[in-house]
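Quick notes on the structure that follows.
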Amino acid sequence: MVKLHYGPLAAAFLVAPSAHAFAPPSSTVVVNQKQQENSPLSLYKKQECSTIPTTTTSLRSSSSNINPYTSPELDTSALLKYATAAITELTLFAATFQLLDLAFTNVLDTSVPFPFAFLLFYGCSLKSRVFNPLNNQRPDRSKAVDGEGSSGFKDRVMPSWTPPGVTFPIMWLLIIGPIRAYSASLIVSSTGSFLCLPIMAFMLHLTIGDIWNTINNTEKRYGAAVIGVLCVVLSAANAANQYYAVDPFAGKLLGGTLIWLCTAAALITDTWRLNPSEEGLVPLYPVVGEAETSFMWFGNNDAEDE
C-alpha cells in the first residue's frame with residue numbers, strides 16, 4: 001500500500017475552507033436583496049416612516065433629540081440678548097430725537113411741522129425694528145391676506161376665532177399706525193421736542209413689541225410670548241398715561257389702541273394653550289433648547305415685512 005505524505009502547507013490547504021465555500025452566488029445575493037426591499041414588510045416600514053407626523057416640540061428640540069421641556073431651564077442668555085436689544089433700540093431712538101431737536105432749534109430755528117412729525121412717527125410705528133439688532137420678522141403680509149401660513153401666523157395651531165388674515169394689515173397700516181402717529185405728533189406739538197418722557201415711553205412700547213415679535217414669530221417661544229404680549233399691553237397703557245398728562249386727547253387716542261392689543265393678547269394666550277409640549281403647557285419663560293436667540297445685524301436672517 002502506498003502512503004501519501006502531505007507537507008504542512010498542503011495539509012493546511014486541504015483542511016482550511018475556501019473563502020467562497022459558504023458564499024452564495026452573486027446573482028442570488030442581488031435577487032435576495034431585491035426581494036427583501038420589495039417585500040410587504042419592508043414597504044410597510046418605509047411607508048410608516050414617511051408618514052410619522054413631526055410635532056412642534058420635535059421641530060424645536062436640539063439636534064440630539066432632547067426635549068427641552070422635560071427639565072426646563074431658564075434661558076438666561078436669551079434674556080440678556082433681549083435686554084441688550086432693548087437698550088440698543090432705545091439709545092438709537094433717543095440719539096435720533098436729540099439730533100432732530102438740535103436741527104429744528106439751532107439750525108432751522110423753527111417749530112416742528114406737524115406733517116413731518118406725523119410721517120416720522122408713522123414710519124416708527126411700522127418700521128421701528130430697524131433700530132433693533134434682533135430678528136424681528138413679522139408675518140408675511142401677502143400670505144396673511146391669502147390665508148396662507150408664515151412666521152407667526154398659521155404656522156402653529158391657531159384658535160378657531162382667529163380673525164381673517166386680511167384683518168391684520170388693515171389694523172396695523174390703516175388704524176393703529178395712523179393713531180400712533182397722530183397722537184405722538186400732538187405730544188411733540190405740545191412739548192416742542194421729540195426727546196421727552198411721553199415720546200420715549202411710546203418708543204419703549206415699540207421696542208417691547210419688536211422683541212415680542214422675535215419671541216413669537218422668529219423663535220416660536222409660545223410660553224414666553226404670553227408674558228411678552230402682556231408687557232406690550234402694559235407699555236402701551238403707560239405711554240397713554242404719559243400722553244394724557246401732556247395732552248388728554250392724545251392720551252385717549254393712544255389708549256384706544258389697547259382694544260386691539262388686548263384682543264391680540266387673548267389670541268396669543270389661547271394659541272399657547274393649543275400648542276402644548278409632550279409634558280404639558282410650555283413654560284411662560286424662555287427655555288434653553290427650544291430656540292436660539294441671535295442678532296440679525298451679525299447674521300443672515302431675512303426679516304419679513306409687517
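The values are calculated or read from the model by the stated rules, or taken from the named source; none is laboratory data. Keep in mind that what you see is a predicted model, and the values were worked out from it rather than measured. Every residue, glycine as well, gets a Cβ built from its backbone with ideal geometry; the counts of neighbours run over all protein chains shown.
Data overview
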| read-out | value |
| --- | --- |
| Odd one out for PHE97 among (1) touching a residue at least 12 places away in the same chain (Cβ under 8 Å); (2) within 28 Å of the chain's Cα centre (by Cα) | (2) |
| Residues of segment 100-117 classified as more than 17 Å from CYS196 (Cβ to Cβ) and surrounded by 18 or more Cβ atoms within 10 Å (Cβ to Cβ), total | 0 |
| Qualifying residue in segment 111-132 (condition: farther than 25 Å from TYR82 by Cα, among the small types (Gly, Ala, Ser), at pLDDT 60 or above and not in a helix (DSSP H, G or I)) | yes |
| Any hit, segment 59-69, residues being at pLDDT below 95, in a helix (DSSP H, G or I) and of a type in the set (Val, Ile, Thr) | no |
| Residue ID - nearest to ARG180 (Cα to Cα), chosen from residues in segment 249-261 that are surrounded by 15 or more Cβ atoms within 10 Å (Cβ to Cβ) and without any contact (Cβ under 8 Å) to a residue 40 or more places away in the chain | GLY255 |
| Matching residues in segment 78-94 - criterion: being hydrophobic (A, V, I, L, M, F, W, C) and without any contact (Cβ under 8 Å) to a residue 24 or more places away in the chain | LEU80, ALA83, ILE87 |
| Considering residues of segment 218-241 that are surrounded by 22 or more Cβ atoms within 10 Å (Cβ to Cβ) and not aliphatic (A, V, I, L, M) only, the residue nearest to TYR285 (Cα to Cα) | GLY223 |
| Residue list for segment 157-206, filter: modelled with pLDDT of 95 or more, aromatic (Phe, Trp, Tyr) and part of a helix (DSSP H, G or I) | TYR182, PHE202 |
| Residue check for ALA144: at pLDDT below 90, in a helix (DSSP H, G or I) and surrounded by 20 or more Cβ atoms within 10 Å (Cβ to Cβ) | yes |
| Matching residues, segment 187-201, being surrounded by fewer than 22 Cβ atoms within 10 Å (Cβ to Cβ) and of a type outside the set (Ser, Thr, Tyr) | GLY192, LEU195, CYS196, LEU197, MET200, ALA201 |
